[in-house]
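The next block holds one structure in the form of C-alpha cells; read it before the comments.
The values are calculated or read from the model by the stated rules, or taken from the named source; none is laboratory data. Values in this document were obtained by computation on a predicted structure and should not be read as measured data. In this analysis, Cβ positions are derived from the backbone assuming ideal geometry, glycine residues included, and neighbour counts consider all displayed protein chains. The protein model used for the area step is the full one, side chains on, heavy atoms only, and it has no ligands, DNA or RNA in it. Shrake-Rupley method; radii C 1.70, N 1.55, O 1.52, S 1.80 Å.
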Number of protein chains: 2
Amino acid sequence: MPSYKAPVADYLFLLNDVLQIERHAELPAYSDLSVPLLEATLAGAARLCEEVLAPLNRVGDSEGCTRHEDGSVTTPKGFSNAYRQYCKGGWVGMSFPEEFGGQGLPSLLGVVVTEFTSAANLALGMYPGLTRGAAAALLAHGTLEQKATYLANMLAGTWTGTMNLTEAHCGTDLGLLRTRAVPQSDGSYRISGTKIFISAGEHDMAENIVHLVLARIDGAPAGVKGISLFVVPKFIPTADGALGPRNSLSCGSIEHKMGIHGNSTCVMNFDNATGWLVGESNRGLNAMFTMMNEARLMVGTNGLAISDVAYQNAAAYAKERLQSRSPRGPKLPEKPADPLIVHPDVRRMLLTIRARTEGARALVAWTGLQQDIASRSGDPQARERAEDYMGLLTPVIKGVLTDWGLDNAVLAQQVWGGHGYIAENGMEQFVRDARINQIYEGANGVQALDLVGRKIVWNSGRALKSFIAEVKGYLDTRTQAQGMAAFVDPVRESLVRLEAATCWISKSRNENPDDAAAAAYDYMHLLGLVAVGYMWCRMAEAALTRMASAPDRDNQHLNSKLITGRFFMERLLPETALLRERVSSGADNIMALPDEAF
Amino acid sequence: MPSYKAPVADYLFLLNDVLQIERHAELPAYSDLSVPLLEATLAGAARLCEEVLAPLNRVGDSEGCTRHEDGSVTTPKGFSNAYRQYCKGGWVGMSFPEEFGGQGLPSLLGVVVTEFTSAANLALGMYPGLTRGAAAALLAHGTLEQKATYLANMLAGTWTGTMNLTEAHCGTDLGLLRTRAVPQSDGSYRISGTKIFISAGEHDMAENIVHLVLARIDGAPAGVKGISLFVVPKFIPTADGALGPRNSLSCGSIEHKMGIHGNSTCVMNFDNATGWLVGESNRGLNAMFTMMNEARLMVGTNGLAISDVAYQNAAAYAKERLQSRSPRGPKLPEKPADPLIVHPDVRRMLLTIRARTEGARALVAWTGLQQDIASRSGDPQARERAEDYMGLLTPVIKGVLTDWGLDNAVLAQQVWGGHGYIAENGMEQFVRDARINQIYEGANGVQALDLVGRKIVWNSGRALKSFIAEVKGYLDTRTQAQGMAAFVDPVRESLVRLEAATCWISKSRNENPDDAAAAAYDYMHLLGLVAVGYMWCRMAEAALTRMASAPDRDNQHLNSKLITGRFFMERLLPETALLRERVSSGADNIMALPDEAF
C-alpha cells in the first residue's frame, strides 16, 4: 500500500526562503506567523494527513460509497472518524475570518493543507474542500443572516457544503440550465430540478449539508443572465441554529466513476425544496464564480498533490526494486541486480515528475500569497496587482497542473512496471483519481478559453503585462548573479516565446475568431511553463543564497533543488518552442475538416 | 455504451493505394489476393468484431474473471460463445501456413484483424493473440512432433497459448528467474516454480492451454544464458492427439487490475509439471523472442486499436452534444446551443487522435508487409532489408503507438467532459485498458533501450541507415510533385533532426554509457514521428493521385486524408525539434542527483 510523507521541509523553504513571508508582516494574518507557529501548523497537518487520512485512501477506493433505498449514502469505513479528526483540528475553516468561526490563518497556509490533504486522500479531502468553496461564496455574497446561520457550522465541519451547477444536458454551458425557482410570499423560493455530478451531495459524515444551487427564477431571462444562486440546506435550520425540518431534496443515485470512489457523486433531485437567494437575482453565475475560482485553485493543487504522493511511492520502489544493471556496469555487484534508480530512463521519469511538482508547488504557494495580498493588503495598488495575478493564473494552475498531474501519475505507475497495474499496489488509483482533476470545475479546454478569451484580454491585458513585467524585471536583475545563468537564460528565451505567442493571438483574433480558440490550449501550457520556470529561478536563487550563507551545513535539499531545476530548464522548459509554434500555426489546420467528416 | 465500426475503407485505401499490394504478387500469399477476396475478408472480420466482440467489451470490464476454489476461472458472460465464433471464422490461424492448419493469408491481413479485434474488445482479443504468439514460437523453434501435437489445435483455437516469463522478483530482468526444470529419463522435464502476470493463464474458453514457460535446467549457467523454453500443456496430449492427464500446474490466484478485466491475469504454480524443451537448451530467451516480437507488434497495434474506437465514440459525441456557441457566433441558431464539434479545442483533440491513429495504421500495415517480405520473398536482399525494418520498428511501434494510445484515449474521454468519467459510458474503460499496452511485453522504456542499445547499433547501424535512405529517397523524388511540399518539407526537416540525434548518440555513447540510455526514450519518439510522417507523405501522395485520376467522384475520405495529414505536419511533427534537443541535453541533468536524494 502506498505511503505518504507531507513535504513540510519543502514548504518551509518556500515560505521562508523563496517567498520570504516575513517581508509581508504588514498583512494582518502574517504578523502573528512566527516560525515556530508555522512549523507547528504544518507539522500538525502533516501528522493528520500521513497517519489518519492516507491509510484510508485505498479503503475508500475499494469500498466506495453506497446509496441505500431511502436515499442515504454510506461513506467508506473510517471516513467519518477521520473527517471528525480533521474538523477537530480546525482545518476546515483555517483560512476564514475568526468572526465567522474560522482560524484567521493566511490563505497561503490553506494551500499547503489542501496539498497535504489531497495527496493523502483526494476523495476524503473533497468533502471539506467543497465546504470551503461554498463557505467562500456565502461569505462573499450571503446576507448577514445567512452568514450567521451557516458559516460557523460549515467552518467547524459539522455541516458540509456542495455546489449544484451541472444538469444532464449542460455542464460547461450553464446558460441552458432548467432548474426552477419559484418565489414565495415569505421571501424564500421553491427549487425544483435535477442536478448531476454533485460531489459530496449526500453522505453520513455531517449533520447537515448546505447545497448552493444555481436555478432560474420564473420569468428570468434565458441564458446565463437569468441564473440565480440559492442556498438550499438538507435540514432547514431553525431560528436558534438547530436542525429543523428535512428539506424536500434527495439523492436519486450515485455515479460509478473511474476514480475518487470515496467521494459520493450524486444525482440530486430538488422537489419544491425550500431555498433562499444568495446575492442578487440573475447574478448567480457571478456569485458562483467566487466558489469556482476557489475550487479551481484547489483542483490545480490537487494535481500537484497526486503528483507528489505518486512520486514518493515511485521513488521508493525505484530505490528498492532490483532489476538489471546500470549502463556503466554493476553498481551493487554483490546483489543479483542493481536498483531501478541506476537506470537513466527511470530517473528521467522520476525527475520529470519532481521538476514539475516542486515548480508547481512554488507556483501555488506564490498564488496563495497573492490571494492574501489581494484580500488583506492595505495598499490598493498591491491588491489590484495581486488580484490580476490570481485571475490570470487560476486557469493556468487548474489546467496545466492537472494535466501534469495525470501524466505524472502515469509516469510513477510506469516506474512500477507490471506491479503498477495491479490494484492492491495503489499506483493505478493515483492515475484514476488524478484524471478527474482535468475534467471537473471546468474542463481544461474551458480553462484555456477562459485564459485566452478573458484573462489576457481584460483591461487591455493589464494582468498579463504586469506578470510579464514582473518576470522580466526579475530576470534582468539576476543576469549577472553567480550561478543563475543556467536558470535565467532559458526562462528569458521562453518569455520571448510567450510574448510572441501573445502578440500573434492579439493580431489574429480580429481576423479569425477561431484562431485564439485554436491556440488556447497550447498557449495555456506555454504560460504555465514560463510561470513555473520563473518559480524555478526564484527557488534556485534562494537555494544558492542559503548555501552561500552556510556552506558547511547539510545541504542535500538545496543541492537537489539546483539539480532538479536544471533538469526543468534543460528537458521540460524547451517545450515552449513547440507550443509557440503550434499557437501560430493557426486555426485553419483545425477548422478545415468538415463537421461530417469527423 | 460505446459502439465500434471497423475501418475497412481506410485499410482498403492503405492496401490498394498506399502499399499497392498488387505490386507484391510475387509473394506467395499475395498472388491469390484478389480485390474481392480482400474486401470479403475485411468485411467478415469487421462484422464479427462490430456485432459480436464489441458489445461484450463493457460486460467484460464490469464482470471480470472469477477464480473458483478448485483453481478454475470463469470468463465474463458471452466471452466463450464469442470466442467460438472467432475461432470458427478461422481468425486465430489466418496468417499461419496451411500445412499446420492455418489459412496461409498474409501477415499484413493479420495486422488488420488484430486491430479490429483489439478495438472491439481488447481483453477478449488477447486470448487468440497470445495463442498466435505461442504458435509462432513453436513454429519457429519446436520439433516436428511438437508442431504436429500442438499447432493444429492452437490455430483452430480449441487450445489456447500463453507465455510464462515473469516471476514476482523479475520482469524485465529475466536473467534472475528461478523456475527450475529437472531432466527426466524419458526426455521430458519436471518444471517447478511460480510465474505471475500470466495473461489467459487459466480460463473456460478452450479445451486445453499450452503454456510456454521459461525455466532454468538444473546446473545451467546463471543469468540469461541459462534459460530454456518449455512447452507445458494443461492437459498432456496423448499420442493420438486427444487430451490426456491433467498436468500438475494450476492458477493460484487472479490479479485485480486497472483494466482488461475480461482477461484473466493469473499467478501460475508449476509443481513438478511435465514439460518438453522447445529449441536448444539455454537458448530459451532467444526462442521466446520470436514470440515477444510478434507480441510487441500486436501490442503496438492494440495502442492504435483503442485510439480508433475511442476516437469514433468521441467524434460521435462531439457531433451530437449541444454545448455553447462557436467563436464565430451561433452555427445552429434554431438550437439551444451548437454541437461540440464547432469548438476549435474539441477539434484539436479529435484531430490529434486521428492524425496519430491513421498514421500509425499506415505504419503497422507497412510493417505487416515487411513481415511478409521478410518471411516469404524469394529475393534474399529484399528479405534482409525487410527484416532490418521490422527489427528497427518493432520497439518503435510498441513504444510510441502505445504511448499515443493512452494519450488518445484520455483525449477522447476529455471530449465527453464529466460524462467521460462515468463508468457506464465506457470512455474511461478505454483509458484503463490502453494503459496496459505501455507496460506489458516490455515496458516502453525497455523498448527505447532495445532501440538505442541494439537495433540502431547492430551491423553498424545497417537497419537505420537503410530506413533513412528509403525515406530520403522517397522525399527527394517527390520534392516537385504537385501538392506534396506541405508534406515532404516538414518530414525532411524532421529527418535531419533524426540524423543529428543519431549522430549525437553514436558519438557520446563511447564517452558516457549513460548518455544513450538517457536519450533513448526521446529518440524512440523522434523516430516514431519521422516514420509516421513518412507514412503521411505516402498517404497524401496516394490521395492526390486518386483524386487526380477521378476528380469527380465522392472524395470525402481522400480530402480528409489531406487535411488530417496537414494537421499532423503542422501540429504534431514539430515535436521532433523538442525531442532532438532533449536527446542532446545529455545524461548529466539526469544522473547528477544522488540516488538517496530521490
Test result for B:VAL18, over 20 Å from B:GLY89 (Cα atoms) and open to solvent by less than 40 Å² (accessible area, probe 1.4 Å)
yes
When restricted to A:ASN437, A:ASN459, the only residue in contact with a Ser or Thr (Cβ under 6 Å, 6 or more places away or on another chain) and more than 10 Å from chain B (Cβ to nearest Cβ) is A:ASN437
Residue pairs, Cβ under 7 Å, 6 or more apart or interchain, first in segment B:330-349 and more than 15 Å from B:THR564 (Cα to Cα), second open to solvent by 50 Å² or more (accessible area, probe 1.4 Å) and part of a loop (DSSP other than H, G, I, E, B). List them.
B:ALA337/B:ARG325; B:ASP338/B:ARG325; B:ASP338/B:PRO330; B:ASP338/B:LYS331; B:ASP338/B:LEU332; B:VAL342/B:LYS331
Run B:ALA386 past the list (1) touching a residue at least 60 places away in the same chain (Cβ under 8 Å); (2) away from chain A (no Cβ under 14 Å); (3) more than 28 Å from B:LYS319 (Cβ to Cβ); (4) open to solvent by less than 10 Å² (accessible area, probe 1.4 Å) and report the number of the one that doesn't hold.
(1)
Does A:ALA40 satisfy being free of Cβ contacts under 8 Å to residues at least 12 places away in the same chain and in contact with a Ser or Thr (Cβ under 7 Å, 6 or more places away or on another chain)?
no
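Matching residues to (1) within 24 Å of A:TYR440 (Cβ to Cβ); (2) among the hydroxyl-bearing types (Ser, Thr, Tyr); (3) open to solvent by less than 30 Å² (accessible area, probe 1.4 Å):
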site: A:PRO330; (1), (2), (3): no, no, no
site: A:ASP338; (1), (2), (3): no, no, yes
site: A:VAL342; (1), (2), (3): no, no, yes
site: A:LEU363; (1), (2), (3): yes, no, yes
site: A:ALA374; (1), (2), (3): no, no, yes
site: A:GLY391; (1), (2), (3): yes, no, yes
site: A:ILE397; (1), (2), (3): yes, no, yes
site: A:GLN413; (1), (2), (3): yes, no, yes
Residue hits (segment A:115-146; touching a Ser or Thr at 6+ places or on another chain (Cβ under 8 Å) and more than 22 Å from A:HIS211 (Cβ to Cβ)) are A:GLU115, A:SER118
May I ask you to verify whether B:GLN312 is farther than 25 Å from B:GLY133 by Cβ and modelled with pLDDT of 95 or more?
yes
Count of residues meeting criterion [open to solvent by 10 Å² or more (accessible area, probe 1.4 Å) and at the interface with another protein chain (Cβ under 7 Å from one of its Cβ atoms)] in segment B:417-434
5
Quickly run through segment A:241-255 and pick out the residues that are surrounded by fewer than 20 Cβ atoms within 10 Å (Cβ to Cβ), among the polar types (S, T, N, Q) and within 32 Å of the chain's Cα centre (by Cα).
A:SER250, A:SER253
Within segment B:509-541, the count of residues that are open to solvent by 10 Å² or more (accessible area, probe 1.4 Å), of a type outside the set (D, E, K, R) and either away from chain A (no Cβ under 14 Å) or over 26 Å from the mean Cα position of the chain (by Cα) (or both) comes to 3
Please go through segment A:146-195 and pick out each residue that is within 14 Å of another protein chain (Cβ to nearest Cβ), crowded, with 23+ Cβ neighbours inside 10 Å and in a strand (DSSP E or B).
A:MET163, A:ASN164, A:LYS195
Return a yes/no flag: does segment B:198-218 have any residue that is surrounded by fewer than 18 Cβ atoms within 10 Å (Cβ to Cβ), out of contact with any Phe, Trp or Tyr (no Cβ under 6 Å at 6 or more places or on another chain) and small (Gly, Ala, Ser).
no
Residue among B:GLN414, B:GLN447 that alone is within 14 Å of another protein chain (Cβ to nearest Cβ), polar (S, T, N, Q), over 26 Å from B:ILE590 (Cα atoms) and touching a residue at least 40 places away in the same chain (Cβ under 8 Å)
B:GLN414
Restricting attention to segment A:542-558, does a residue exist that is modelled with pLDDT of 95 or more, within 13 Å of chain B (Cβ to nearest Cβ) and not in a helix (DSSP H, G or I)?
no
Within segment A:314-328, how many residues turn out to be open to solvent by 20 Å² or more (accessible area, probe 1.4 Å), more than 7 Å from chain B (Cβ to nearest Cβ) and either part of a loop (DSSP other than H, G, I, E, B) or touching a residue at least 24 places away in the same chain (Cβ under 8 Å) (or both)?
4
Qualifying position, being touching a Leu at 6+ places or on another chain (Cβ under 8 Å) and modelled with pLDDT of 95 or more, among A:VAL452, A:VAL446, A:VAL471:
A:VAL471
Residue check for A:ILE353: at the interface with chain B (Cβ under 7 Å from one of its Cβ atoms) and among the β-branched types (Val, Ile, Thr)
no
Residues of segment B:450-483 satisfying the condition of being surrounded by fewer than 17 Cβ atoms within 10 Å (Cβ to Cβ) and not in a helix (DSSP H, G or I)
B:THR479, B:GLN480, B:ALA481, B:GLN482, B:GLY483
So, in segment A:570-598, how many residues would count as being within 7 Å of chain B (Cβ to nearest Cβ) and part of a helix (DSSP H, G or I)?
12
How many of the residues making up segment B:180-201 are charged (D, E, K, R) and without any contact (Cβ under 8 Å) to a residue 24 or more places away in the chain?
1
Odd one out for A:MET547, checked against (1) open to solvent by less than 30 Å² (accessible area, probe 1.4 Å); (2) without any contact (Cβ under 8 Å) to a residue 24 or more places away in the chain:
(1)
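Each row is one residue, and each column tells you yes or no for (1) buried (at least 24 other Cβ atoms within 10 Å of the Cβ); (2) of a type outside the set (A, V, I, L, M, F, W, C).
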position	(1), (2)
B:TYR83	yes, yes
B:MET94	no, no
B:PHE100	no, no
B:LEU108	yes, no
B:PHE116	yes, no
B:ASN121	yes, yes
B:GLY125	yes, yes
B:PRO128	yes, yes
B:LEU144	no, no
Note on A:ASN282: of the conditions (1) in contact with a Gly (Cβ under 6 Å, 6 or more places away or on another chain); (2) more than 9 Å from every other protein chain (Cβ to nearest Cβ); (3) open to solvent by less than 20 Å² (accessible area, probe 1.4 Å), unmet is (3)
